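Below you'll find the structure, written out as structure tokens, and then a few comments.
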Amino acid sequence: MDRIAQVVGISPVEVRRRNFLKPGETTTTEQAIREEVDLGRLLDRALELSDYTAKKATFARVNPAAGIKRGVGIAAFLHGSGFTGSGERYLASVVGVEGCADGSVRVLVSSTEFGQGTNTVLCQIAAEALSLPYESIRIAQPDTDQVPNSGPTVASRTVMVVGNLVRSAAVGLRQTLVASGLLAGSHSPEEFRIACQRHVATHGVLRSFARYEAPEGVFWDDQKYRGEAYATFAWAVYVAEVAVDLSSYSATVEDFVALQEVGRVLNPVLAQGQIVGGVAQGIGFALYEKVVWQNGRMQNGQMTNYIMPTSADLPPIRVFFEEMGNVHGAYGAKGIGELPMDGPAPAIMNAIEDALGIRFDSVPLLPEDIFEAVSKESFREFLAAGGR
């Protein structure tokens with residue numbers, strides 16, 4: 001996008017603004033955008049938060065005489081929530097919620113917790129649906145002998161797809177207790193606990209299940225490869241500020257603004273953690289983590305020769321959210337986990353090109369890559385000036 005802007009003589013900001021998807025327009029798969037997304041507003045906010053305009057002007061003024069060149073770059077992007085195309089329909093995921101003999105509630109899902117907060121947020125959703133305190137909810141281990149197949153923990157689907165099924169199953173559980181006369185429509189946590197105990201004592205196992213059904217108007221044509229590739233999208237504008245030291249030819253990210261619209265943020269601390277962790281990985285992808293293959297094997301598969309960024313290599317990662325909501329997700333949530341993997345590398349590459357005025361076409365961009373490119377550019381300038 002930045003190179004298009006250079007060719008047509010407009011700013012990187014303006015070329016994006018003119019090409020943003022708007023409600024009612026269609027994607028490349030002919031999916032109509034039904035969300036009331038305003039990418040222009042997201043862009044304006046990201047530019048303000050990053051002080052983009054002032055930095056751009058300052059760097060253009062001081063860079064020619066500086067040994068450390070600085071630049072700022074933008075990435076505007078989207079990521080679908082859930083499996084692509086017919087994936088969720090084929091999975092037909094099932095989620096269960098169980099009222100236990102002690103009056104507590106157990107969430108039955110195959111989603112796996114590996115640090116991203118799945119257990120916390122799914123229990124939050126069940127607690128909200130049942131009007132219970134969070135402490136009353138626990139989650140079963142994802143043992144296939146104990147839980148139904150709610151699908152794999154991938155594709156930015158856990159909170160949106162599985163979470164919505166948890167909400168539905170929890171509502172079904174409450175309705176069962178109300179229909180049996182053990183619980184009133186409005187109840188206290190203690191009344192719910194007693195109702196569960198009595199139902200289990202009288203009728204045995206108390207479980208409610210919910211199965212995924214594709215929302216109305218969301219259909220993917222597997223034959224034509226057209227239609228709704230996702231039920232909904234998350235949107236983002238990222239801005240990276242970089243410094244390139246021409247004595248070491250190393251690039252570092254000095255500031256990073258990550259602004260995203262991800263529907264309702266159910267747990268702000270965990271959501272911010274997802275973004276910070278993803279951006280950190282994205283910085284590694286852009287500047288550090290080079291996989292070397294030889295004879296079908298990875299040659300640098302050790303911590304001694306595969307370079308990853310440490311906390312000392314990371315900038316302040318400033319995370320901001322917009323919340324439009326989402327009719328297909330639990331309490332308006334969308335997917336979030338993969339979104340911050342998309343934007344860092346292009347934002348950083350655009351910032352480095354802004355700093356050096358040199359184009360790069362691959363990542364990771366290591367010091368030796370920058371050295372080679374700068375050397376070639378210097379030689380071209382030498383020849384252009386009449387050198388031999």
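The values are calculated or read from the model by the stated rules, or taken from the named source; none is laboratory data. Being a predicted model, the structure only gives us computed values, none of them experimental. Here the Cβ is made from the backbone with ideal geometry for all residues, glycine too, and neighbour counts use every protein chain on show. Each accessible area value is taken on the protein alone, full model and side chains, heavy atoms only, with ligands, DNA and RNA left out. Shrake-Rupley method; radii C 1.70, N 1.55, O 1.52, S 1.80 Å.
What the table shows:
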quantity	calculated
Criterion: crowded, with 16+ Cβ neighbours inside 10 Å and not charged (D, E, K, R) - qualifying residue of Pro316, Pro340	Pro340
Where a residue in the stretch 204-223 is free of Cβ contacts under 8 Å to residues at least 24 places away in the same chain and its partner, wherever it lies, is assigned to a strand (DSSP E or B) and surrounded by 14 or more Cβ atoms within 10 Å (Cβ to Cβ), with Cβ under 9 Å and at least six apart	Phe219/Gly227; Asp221/Gly227
Wholly enclosed strands (runs of 3 or more DSSP E) of the stretch 62-163 bearing at least 1 residues surrounded by 24 or more Cβ atoms within 10 Å (Cβ to Cβ), in contact (Cβ under 8 Å) with a residue 40 or more places away in the chain and hydrophobic (A, V, I, L, M, F, W, C)	68-80, 94-99, 105-108
So Glu36, is it of a type in the set (Asp, Glu) and within 24 Å of Ile352 (Cα to Cα)	no
Those residues of the stretch 214-230 which are of a type outside the set (Phe, Trp, Tyr), open to solvent by 30 Å² or more (accessible area, probe 1.4 Å) and modelled with pLDDT of 95 or more, in sequence order	Asp221, Asp222, Gln223, Lys224, Arg226
Hits in the stretch 47-58 (condition: within 18 Å of Val253 (Cβ to Cβ), open to solvent by 20 Å² or more (accessible area, probe 1.4 Å) and part of a helix (DSSP H, G or I))	Leu47, Leu49, Lys55, Lys56, Thr58
Checklist (1) part of a loop (DSSP other than H, G, I, E, B); (2) closer than 30 Å to Tyr212 by Cβ applied to Met341, failing item	(1)
Filter result (part of a helix (DSSP H, G or I) and surrounded by fewer than 13 Cβ atoms within 10 Å (Cβ to Cβ)) within the stretch 15-34	Arg18, Asn19
Top-ranked residue in the stretch 180-213 [being of a type in the set (D, E, K, R) and part of a strand (DSSP E or B); ranked as most open to solvent (accessible area, probe 1.4 Å)]	Arg211
The stretch 1-14, residues that are surrounded by 11 or more Cβ atoms within 10 Å (Cβ to Cβ) and free of Cβ contacts under 8 Å to residues at least 12 places away in the same chain	Ile4, Ala5, Gln6, Ile10, Ser11, Glu14
Yes/no for Val257 being within 16 Å of Gly343 (Cα to Cα) and either assigned to a strand (DSSP E or B) or small (Gly, Ala, Ser) (or both)	yes
Lys22 being in contact with an Asp or Glu (Cβ under 7 Å, 6 or more places away or on another chain) and within 24 Å of Ala347 (Cβ to Cβ)	no
Conditions (1) surrounded by 15 or more Cβ atoms within 10 Å (Cβ to Cβ); (2) within 27 Å of Ser156 (Cβ to Cβ); number of the one not met by Ala355	(2)
Single unsatisfied condition, Trp293 versus (1) open to solvent by 60 Å² or more (accessible area, probe 1.4 Å); (2) in contact (Cβ under 8 Å) with a residue 24 or more places away in the chain; (3) more than 25 Å from the chain's Cα centre (by Cα)	(2)
Conditions (1) open to solvent by 20 Å² or more (accessible area, probe 1.4 Å); (2) within 29 Å of Ala333 (Cα to Cα); number of the one not met by Ala240	(1)
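Residues are listed down the side, and each one gets a yes or a no for (1) assigned to a helix (DSSP H, G or I); (2) of a type outside the set (Phe, Trp, Tyr); (3) surrounded by 15 or more Cβ atoms within 10 Å (Cβ to Cβ); (4) within 12 Å of the chain's Cα centre (by Cα):
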| site | (1), (2), (3), (4) |
| --- | --- |
| Leu266 | no, yes, yes, no |
| Ala271 | yes, yes, yes, yes |
| Gln274 | yes, yes, yes, yes |
| Gly278 | yes, yes, yes, yes |
| Ile283 | yes, yes, yes, no |
| Ala286 | yes, yes, yes, no |
| Glu289 | no, yes, yes, no |
| Asn305 | no, yes, no, no |
| Phe321 | no, no, yes, yes |
